[in-house]
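One structure below.
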Amino acid sequence: MSLYVFLQSLFSSRRRIQRSYRDLINIVDKYSYAKRYRLIFTKLDETAALGNMLNLKLYTGADVSYITNGQDVPDDISEFNAQKIVRSLLESK
């Protein structure tokens with residue numbers, strides 16, 4: 001792989017992550033009138049951007065209640081466990 005192709009793929013993936021984070025911010029902002037709410041993150045098995053969970057939590061100040069990880073609802077719904085998410089982030093490096 002040439003350096004050009006590598007850098008192009010790096011910047012392309014960064015734009016996708018930034019775009020998806022902006023989408024999350026837009027969604028949260030649409031519901032900003034709700035004063036007390038909690039976050040639910042879905043489809044964690046389909047993303048590589050788990051760091052956006054922390055970013056969104058810090059942006060909103062809201063607690064995270066549940067996550068889904070798979071297609072079998074309600075079997076794949078679980079309570080949010082920060083230690084598991086951090087472990088997943090560290091293992092993916």
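A short reminder: the numbers here are calculations on the coordinates, not readings from a lab. Everything quoted here is computed from the prediction, not taken from an experiment. Cβ coordinates were reconstructed from backbone atoms using ideal geometry, including for glycine residues, and neighbour counts include every protein chain displayed.
Karplus couplings for region 58-67 from phi (6.51 cos²θ - 1.76 cosθ + 1.60, θ = phi - 60°), rounded to Hz, Gly and Pro as x?
Karplus values, whole Hz, x for Gly and Pro: 5, 5, 8, x, 7, 7, 9, 9, 9, 9.
Gain in length, S78 to D29, computed as 0.36 nm per residue apart minus the alpha-carbon separation, to one decimal in nm?
Roughly 15.1 nm would be gained on extension.
Quickly rank 39-50, 68-79 as a protection proxy: mean count of other C-beta atoms within 10 Å, highest first.
For the peptides 39-50, 68-79, the packing ranking is 39-50, 68-79.
For labels at L90 and E46 in the simple 7 Å Cα→Cβ model, what's the distance in nm?
Inter-label distance under the simple model: 3.0 nm.
Based on alpha-carbon centroids, what's the gap between region 31-52 and region 61-91 in Å, whole number please?
Spelled out, the Cα-based centre of one part sits 10 Å from the other.
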